[in-house]
Structures are given as C-alpha cells and as structure tokens.
Amino acid sequence: MAPFGITAPTQILFGRGEFAKAPSLAMKLGTRVFVVHGATPRHAEPFIAALDMPVQSFACPKEPDLDLLMSALASARATKADCVIAIGGGAAMDLGKAVAGLLASSNDPLDHLEVVGKGQPLAASPAPFMAIPTTAGTGAEVTKNAVIGVPSHNRKVSLRDPRMIADIALVDPALTDNTPPETTLASGLDAITQVIEPYISSRANPVTDALCRDAIPRGLQALALLMTTEEATARDDLALCSLFGGLALSNAGLGAVHGLAGVIGGHAPKAPHGAVCGALLPHVLNLNSVALNRDGPIAARIAEVVRWITAALGTDDLAAWARDHSLPGLVQMGLKASDFSTVAAEAQVSSSMKANPVKLSDAMLVEALTAAA
C-alpha cells in the first residue's frame with residue numbers, strides 16, 4: 001500500500017441544530033471578527049446578533065475575484081479583525097478562507113496564486129477561520145484552497161496552502177433547506193463530481209475511497225429526490241456528500257472536470273461553477289473510460305459509478321437526466337464554442353489535471369466541451 005496522509009479541519013461539526021453553537025465557537029477564535037456572508041445576510045444576521053464582540057460583515061454577492069478579495073482584505077484590516085467566519089455558499093467560503101489566509105500578510109496576493117502568480121506558500125500564518133456552508137456543493141468548508149477569479153488572465157485559480165484548512169467546519173443541513181431547484185441541481189452535481197473525481201483519481205487512498213463509496217450513491221439518491229420534492233433527510237445526505245467531497249478532494253485531488261471548469265470560469269465568468277461541472281461530468285467520465293480502454297481498476301471504478309448513477313436516477317445517461325431538469329449547456333452559460341481549443345490547452349496546466357487517472361489530449365478535452373455545449 002502506498003503511503004498517504006490526511007488533512008482535515010481541527011474540528012468538524014455536522015448535524016441539524018449545530019448552527020446554534022456557532023456564536024460560542026466564534027468567541028473562542030478571537031476578539032474582533034470579520035464575517036463574510038453571501039449576497040444577503042439572511043443566515044449571518046442571527047449569528048452576528050448573538051456575538052459579544054466587535055463584528056465587521058462583508059457581502060460576497062458573486063464568485064470572488066481579485067478585486068473583491070482586495071476590498072475584503074482592506075475592510076478586515078481596517079477593523080483590526082483577528083478571526084474570520086464565512087457563512088454562505090462556496091463563493092463566501094472561498095472569499096472568507098482567502099481573507100483569513102492573507103490577513104496577516106503584506107505580500108501581493110499574486111505572490112501566492114497558482115498558474116497566474118508565483119504560487120508561493122503563505123508568508124504568514126492564517127487568521128483563525130470557521131466555515132459554515134449554507135449550500136451543499138463545493139465542500140469548501142474543509143478544503144485547503146480558495147478559488148479566486150483573475151479577469152486580467154481570464155482564469156479562476158487557487159490560493160492554496162495546507163494552513164488554510166479551517167479551524168472549525170460547522171455543517172448544519174438545515175441551512176440548506178428550501179434551496180431553489182436550480183441551485184440545488186448545480187451545487188448537488190458539483191458535490192457529486194467532487195466525490196466521483198477523487199474516487200477515480202490517481203491519488204486515491206483507502207480513507208478517501210471509504211468516503212467516496214458512501215457519498216456517491218448517497219448524494220445521487222438525495223439529488224434525485226430533491227428534484228421532485230423538498231425532503232429534510234435528502235438535504236442531510238446531500239450536505240454530507242458535499243462534506244465528504246471536500247475531504248476527499250483535499251486528500252486525493254480532482255480531475256479533468258475541474259481542470260476544465262477552472263478555465264471555463266475565466267472565459268465565462270457568469271457560468272455557475274457547479275453547473276459547469278455537472279455539464280462536463282458524464283462526458284469526461286466516458287472519455288476517461290475510453291482512454292483507459294475500458295480496462296483496469298480505474299475503468300472498473302468508472303463502471304461502478306455508472307451503476308450507482310443508474311440505480312439512483314433510473315438511467316445511465318446523466319447528461320440527459322440533467323438536461324431534463326433544466327441544467328444549461330456550456331454555450332448557454334456563456335462559453336463561446338470558438339474558445340474550446342483555448343480552454344482545452346489552458347486546462348492542461350491546471351493542478352486538478354494532475355490527478356486525472358489518465359492523460360487526456362487537447363482533442364479529447366475539446367470533445368468533452370463539445371458534448372457538454
């Protein structure tokens with residue numbers, strides 16, 4: 001057995017009602033808190049009201065880019081914040097994590113961004129950080145990177161450092177109840193992608209395998225049910241799938257879906273990340289199987305994933321099922337067909353591509369993009 005290690009937050013709390021513990025936990029992290037929330041402070045307001053310390057809140061209304069990060073850092077530093085709490089979807093998680101990572105540093109963020117920057121480790125230890133997701137998708141509450149858009153390079157890239165893992169990840173599935181269907185579909189497909197890619201990753205290990213084997217069928221069944229009705233147990237299962245995906249990808253990597261998705265996010269900034277992943281997933285799965293000649297242990301895992309898909313959705317055609325539930329194609333999301341070749345070439349240098357189980361050529365990546373268009 002190959003050696004492996006596991007990275008995870010110091011403390012993970014999961015379950016309905018756990019959000020009530022957030023104020024007391026936050027007050028153990030510091031004395032002046034910076035709260036990053038989504039477009040609205042709906043979930044953050046009761047949390048902030050319960051805090052007995054100075055608080056500065058900051059809205060993250062979109063997937064964060066470099067300008068938004070710089071604005072958030074300036075606000076946090078001006079109020080002398082010494083800890084950061086993120087309450088929201090994946091975008092708020094990423095922005096909060098990046099602020100915590102850079103709060104004590106005087107370096108330019110580009111010194112630390114991958115691909116478009118120098119990719120250097122953080123110059124100073126991150127501020128204490130607690131992550132509280134309100135959507136079930138990215139698993140960003142337990143990952144060691146924050147995705148930041150850099151419009152000048154048409155890319156979304158990672159700020160990554162092992163020290164960026166949250167001190168506390170608090171996952172209360174009740175915060176995801178009644179999420180609109182289109183958001184549930186996109187974020188749910190992202191969560192499922194993030195347990196499938198680590199499962200077939202070249203870096204998979206026994207711990208991530210155990211997480212993914214539980215989460216893939218659980219997440220698929222939950223998403224299928226939530227596309228027909230609102231159901232608390234399904235929300236719990238999808239939140240657990242998202243959490244397990246974050247833990248799995250942090251320790252086994254991702255693959256070509258996310259390698260392409262990061263580049264697409266730069267070329268089509270308004271394309272929801274989860275929807276992009278959902279559109280690409282079935283086609284990249286098939287290409288990986290073909291490239292492996294549908295033979296060997298990874299090909300067998302892909303076939304196992306297809307069986308789980310069929311059992312949960314009643315069809316092995318995930319792409320058709322997603323379209324039937326109104327998932328848009330890549331072109332509808334804003335990606336130009338004329339950019340497919342550029343996207344494929346740029347994706348080859350993505351960190352996510354390094355864990356894909358087999359090398360996919362530019363032509364094969366273009367084939368996946370065309371099928372997902």
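The values are calculated or read from the model by the stated rules, or taken from the named source; none is laboratory data. Just so we're clear, the structure is a prediction, and the values are computed from it rather than from any experiment. Using ideal geometry, Cβ is built from the backbone for each residue, glycine included, and neighbour counts are taken over all protein chains shown. Quick note on the areas: whole protein, heavy atoms, side chains included, nothing else; ligands and nucleic acids left out. Shrake-Rupley method; radii C 1.70, N 1.55, O 1.52, S 1.80 Å.
Give the aspartates and glutamates whose C-alpha is closer than 15 Å to that of K28, dropping any in the same chain fewer than 8 places away, or say none.
Cross-link targets: D52, D82, D167.
Starting from the eigenvalues of the Cα gyration tensor, five times each then square-rooted, give me the equivalent ellipsoid semi-axes of segment 271-361, largest first, whole Å.
In descending order, the three semi-axes are 22, 20, 10 Å.
Taking all protein chains in place and a 1.4 Å probe, what share, in percent, of the accessible surface of segment 41-180 do carbon and sulfur account for?
Answer for segment 41-180 is 51 percent, counting heavy atoms of protein chains only.
Give the accessible surface of segment 163-230 per residue, rounded to a whole number of Å², with probe radius 1.4 Å and ligands, DNA and RNA excluded.
Accessible area per residue, segment 163-230: 31 Å².
So if I take the alpha carbon set of segment 289-336, get Rg, then get Rh from the Kirkwood formula, what is the Rg over Rh ratio?
On the Cα set of segment 289-336, Rg over Rh gives 1.11.
Please compute the length gained on full extension between A232 and N293, using 0.36 nm multiplied by the number of residues separating them and subtracting their Cα-Cα distance.
17.8 nm
In nanometres, what is the gap between the two model label sites at A210 and D362, each 7 Å from Cα along Cα-to-Cβ?
Spacing of the two 7 Å Cα→Cβ label points: 4.4 nm.
Counting pairwise Cα distances across segment 16-72, what percent come out greater than 16 angstrom?
Cα-Cα pairs of segment 16-72 separated by over 16 Å account for 47 percent.
Charges on Cβ only, +1 for Lys and Arg, -1 for Asp and Glu, centred on the Cα centroid of the chain; of L365, V147, V195, which one is farthest towards the dipole's positive end?
Of the listed residues, the answer is V147.
Please state the equivalent ellipsoid semi-axes for the chain: what are the square roots of 5 times the Cα gyration tensor eigenvalues, largest first, in whole Å?
Equivalent ellipsoid of the chain: 31, 23, 19 Å, largest first.
On a full-extension model of 0.36 nm per residue, what is the gain between A174 and S75, subtracting their alpha-carbon distance, rounded to one decimal in nm?
So the extension gain works out to 32.6 nm.
What value, in deg cm²/dmol to 500, does the helix sum -39500 (n - 2.57) over DSSP H runs of n ≥ 4 give at 222 nm once divided by the residues of the chain?
It comes out at -14500 deg cm²/dmol, rounded to the nearest 500.
Less than 18 Å apart at the alpha-carbon level, and either on another chain or at least 8 residues along: which lysines does that give for K144?
Within the straight-line cut-off, K144 pairs with K97, K118, K156, K354.
Can you give me the orientation-averaged projected area of the convex hull built on the Cα atoms of segment 133-206, in nm²?
6.9 nm²
Measuring with a 1.4 Å probe in the full set of protein chains, what accessible area per residue, in whole Å², belongs to segment 318-373?
I get 47 Å² per residue for this part.
One quarter of the convex hull surface, Cα atoms only: what value does that give for segment 73-225 in nm²?
Quarter of the Cα hull surface area: 10.3 nm².
Kindly identify segment 1-131 as rounded, prolate or oblate by the Cα gyration tensor criterion: order the square roots of the eigenvalues as a ≥ b ≥ c, call it rounded if a/c is under 1.5, otherwise compare a/b with b/c, prolate if a/b is larger, else oblate.
Judged from the Cα gyration tensor, segment 1-131 comes out oblate (a/c at least 1.5, b/c at or above a/b).
Express the relative contact order of the chain as a whole percentage, based on alpha carbon pairs under 8 Å and six or more residues apart in sequence.
Worked out over the chain, it gives 16 percent.
Using Cα centres only, tell me the gap between segment 276-329 and segment 31-46 in whole Å.
Centre-to-centre (Cα) distance: 37 Å.
Between segment 98-132 and segment 348-373, what's the alpha-carbon centroid distance in Å?
So the separation of the two Cα centres works out to 28 Å.
According to the square roots a ≥ b ≥ c of the eigenvalues of the Cα gyration tensor, what is the shape class of segment 153-279, taking rounded for a/c under 1.5, prolate for a/b larger than b/c otherwise, and oblate for the remainder?
In terms of gyration-tensor shape, oblate.
Given S158, F14, G278, which one lies farthest toward the positive end of the charge dipole of the chain, if we put +1 on the Cβ of every Lys and Arg and -1 on the Cβ of every Asp and Glu?
It is S158.
In 5 Å bins starting at zero, report the fraction of Cα pairs in segment 255-322 per bin as a rounded %.
4, 17, 22, 22, 18, 10, 6, 1
Treating only the Cβ atoms of Lys and Arg (+1) and Asp and Glu (-1) as charged, compute the dipole magnitude of the chain about its Cα centre; round to the nearest 20 debye.
Approximately 620 debye in magnitude.
Based on the Cα atoms of segment 39-108, what semi-axes does the equivalent ellipsoid have, where each is the square root of 5 times one gyration tensor eigenvalue, given in whole Å with the largest first?
Taking √(5λ) for each Cα gyration eigenvalue gives 19, 16, 9 Å.
I'd like the distance separating the alpha-carbon centroids of segment 170-188 and segment 54-90, in whole Å.
If you average the Cα positions of each part, the centres end up 22 Å apart.
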